[in-house]
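The block underneath contains the structure these notes are about, expressed in structure tokens.
The values are calculated or read from the model by the stated rules, or taken from the named source; none is laboratory data. As the structure is a prediction and not an experimental result, all values here were calculated from the model. Virtual Cβ from ideal backbone geometry, glycine too; neighbours counted across all protein chains shown. Ligands, DNA and RNA are excluded from the accessible area calculation, which covers all protein heavy atoms including side chains. Shrake-Rupley method; radii C 1.70, N 1.55, O 1.52, S 1.80 Å.
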Amino acid sequence: MILDVKKLEAGYGKLRVLDGISLSVGKESVGLFGPNGAGKTTIINAIMGIVKPWGGTIEFEGTRMEGMATHLVARAGIALVPQERELFPGMSVADNLELGAAWVPRGKPIMARQLETVLELFPILKERYRQYVGTMSGGQQRMVAIGRALMANPALLILDEPSLGLQPSIVAEVFDRLALLKKDISILVTEQNVRESLRAIDRGYVIENGAVVLEDTAAGLAVNPHVVSAYLGI
Amino acid sequence: MAIKRRTAILVALGIVAAVVVALWKPTVLIYGMQSAGLYAAIAIPMGLVLGIVHIVNLAHGEFMMVAAYASYFACTASGMDPLLAVLPAAAVTAGFGLLVYKLTIRRALKSPELNQLILTFGLAITFSQGVNLLFSSQTRKISLEYVSASLTIGELSFGVWPFVFVFVAGAMAYGLKLFLTRTTTGKAALAVGQNPRGAAIVGIDVDRTYGLVFALATALIGGMGALFLTRSAIFPGVGGPFTMKSFSLVAMAGIGNIPGILGASVLLGLSEALMRAFRGLRGWADIIFFVLIMAVILGRSIKGRKS
Ligand SMILES: Nc1ncnc2c1ncn2[C@@H]1O[C@H](COP(=O)(O)OP(=O)(O)OP(=O)(O)O)[C@@H](O)[C@H]1O
Ligand SMILES: [Mg+2]
């Protein structure tokens, strides 16, 4: 297992959000689905050390990670594309991408190669290479955020709603690329766009009210009556 | 972008003021630029801390005062020239600044801004009263030959030494710009200033960066403390007005805008020198900067209401 989460509990102040979540990611691509407010982002924030877990364990490549500082989680090899992007608005695309790799031991030595990959994946970033990220459109910023995470050459790539604000053709392309990437990188992705993302993942969990209510392969989820009625719609 | 426009406006105003004044009263230009240099060199480190750590350090001028006292005693005991004390003072003050940061400011980073202001204000009082208790309120001065060097052009005669602060301010602004935009550590600092959470996500140690930036700023102000001895006598309250002026200049320039601090300093320095040039207005010189601030803030709020 690359990532092994067991009985994770977390919340904000007195509000309990995660009620004993267990999930794992191997050399594969895993989806997290669920309604707004289910706790998907909170799971990710707990893994990244952005919120402190109340209980449970998080193991990454055999090392216990729960409660570890965010920058150390990143240096250990987990890259995040946050739901809110969290870019550096007053810096150029070039600097944002460079900073994705500069502080991560896995990314720094192969920065030039990763940059080529990212610019090939998102040609618009090459055109806007010197533009301040704060002046770019939401969708373009999403591409910078994905690119910045890839620059780290992560062992585990976590994407929180990567398709948010992207036009459908780009969404399809992003998921195609993610499907290719999963050969080398483990992926954990949350997505409202369940239909599109099922193409790119191997397995998925459905989270409701802070607990895992369903776990299955992509093919299994696609035909599950609960998933079909609640998330795929007709 | 708003910051770029504001810088351009401040710089343009500064240049226009300088040209008008140069033609009309050259001494105003000379003395104005000299104090502008001093103001900017002291304000820039405060701007650095505000821009990246997001703390208004009301003990900023007092850090300089403490460094000036330390340099004064080192120089008078050893007969060393204050200029030779600049680098050691920078190093020692950086260490002192880091200690103060770790013991106090770091703990208040997530507190409401008012608490942070009270904390740094408390530090300012502690520093000035501490120095007062230890060394009395007596003014102290080091006499130096070279600072009285003067230049005569036609009928005009003026001291040249204070121009050193113009170069120091320029070098500081340029050096910081290079550091923040060209080095990996500097870029990380800039990133932390713009989005600490995003910075942590890419593996930057935010806490360490804050400490580093605070130490860098106190190093700069520490060096200025030694250099300040070449320009002025010192006493425990000497730092206070510089805290106020630095804060005002940083506020005029806008957060994170170091070139803007240069422009605002020129505006302030020239305005003060202009007031001093008229016998009847001399007493108003210290008030002019409040007037400038109010004008800037008023202008900004009017513009804000329009858009
Ligand atoms: N910073 C916060 N402080 C307090 N409560 C929070 C905070 N962030 C999230 N919550 C609460 O935690 C719960 C889960 O939120 P979370 O963001 O994890 O949901 P999500 O599954 O990612 O939803 P979405 O699909 O809308 O992104 C929600 O009830 C939310 O109100
Ligand atoms: Mg979410």
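Would a scan of segment A:45-63 turn up a residue that is over 17 Å from the mean Cα position of the chain (by Cα) and within 17 Å of B:Ile204 (Cβ to Cβ)? No - not one qualifying residue is present in segment A:45-63. Of all residues in segment A:12-65, exactly one satisfies the criterion of being surrounded by 15 or more Cβ atoms within 10 Å (Cβ to Cβ), free of Cβ contacts under 8 Å to residues at least 40 places away in the same chain, more than 22 Å from A:His226 (Cβ to Cβ) and away from ligand 1 (no atom under 16 Å from the Cβ), namely A:Met65. Just one of the numbered conditions (1) modelled with pLDDT of 95 or more; (2) more than 13 Å from chain B (Cβ to nearest Cβ); (3) over 13 Å from the mean Cα position of the chain (by Cα) is not true of A:Thr42: (3). Taking the listed residues A:Gln140, A:Gln131, A:Gln167, the one that is over 30 Å from B:Thr181 (Cβ atoms), away from ligand 2 (no atom under 16 Å from the Cβ) and not assigned by TED's automatic domain parsing to the domain that holds A:Lys27 is A:Gln167, with no other qualifying.
Looking across segment B:59-101 at every residue that is free of Cβ contacts under 8 Å to residues at least 60 places away in the same chain and within 15 Å of B:Thr230 (Cβ to Cβ), the one that is most open to solvent (accessible area, probe 1.4 Å) is identified as B:Leu84. Would you point out the residue of segment A:107-143, among those that are closer than 24 Å to A:Arg195 by Cα and either open to solvent by 30 Å² or more (accessible area, probe 1.4 Å) or more than 16 Å from ligand 1 (Cβ to nearest atom) (or both), that is nearest to the other protein chains (Cβ to nearest Cβ)? My answer is A:Gln141. Based on what the data block shows, is A:Ala38 aliphatic (A, V, I, L, M) and in a helix (DSSP H, G or I)? No: the conditions fail for A:Ala38. All of B:Thr243, B:Thr218, B:Thr209 fail the test of being within 14 Å of another protein chain (Cβ to nearest Cβ), of a type in the set (S, T, N, Q) and surrounded by 23 or more Cβ atoms within 10 Å (Cβ to Cβ), apart from B:Thr209. Of all the listed residues (A:Asp95, A:Asp160), the sole one being within 14 Å of chain B (Cβ to nearest Cβ), within 16 Å of ligand 2 (Cβ to nearest atom) and not aliphatic (A, V, I, L, M) is A:Asp160. Within segment A:168-178, the presence of a residue that is within 16 Å of ligand 1 (Cβ to nearest atom) and either of a type in the set (Phe, Trp, Tyr) or within 18 Å of A:Leu80 (Cβ to Cβ) (or both) is excluded. Flag: B:Phe127 does not match the condition of being aromatic (Phe, Trp, Tyr), surrounded by 11 or more Cβ atoms within 10 Å (Cβ to Cβ) and more than 22 Å from the chain's Cα centre (by Cα). The residue pairs whose first member lies in segment A:189-200 and is over 13 Å from A:Pro35 (Cβ atoms) and away from chain B (no Cβ under 14 Å), whose second member is within 14 Å of ligand 2 (Cβ to nearest atom) and charged (D, E, K, R), and whose beta carbons are closer than 7 Å, counting only pairs six or more residues apart or on different chains, are A:Ser197/A:Glu191. Remark: pairs (first residue in segment A:106-117, of a type in the set (Gly, Ala, Ser); second residue in a helix (DSSP H, G or I) and modelled with pLDDT of 95 or more; Cβ separation under 8 Å; 6+ apart in sequence or on different chains) = A:Gly107/A:Gly100; A:Gly107/A:Ala101; A:Gly107/A:Met151.
Within segment A:68-84, the set of residues being open to solvent by 30 Å² or more (accessible area, probe 1.4 Å) and within 17 Å of B:Ile204 (Cα to Cα) comprises A:Met68, A:Ala69, A:Leu72, A:Arg75, A:Ala76. Sub-6 Å Cβ pairs linking a first residue in segment B:126-147 that is within 12 Å of B:Gly237 (Cβ to Cβ) to a second residue that is part of a helix (DSSP H, G or I), at least 6 apart or interchain, are B:Phe127/B:Glu62; B:Phe127/B:Val66; B:Ser128/B:Glu62; B:Val131/B:Tyr69, ordered by first then second residue.
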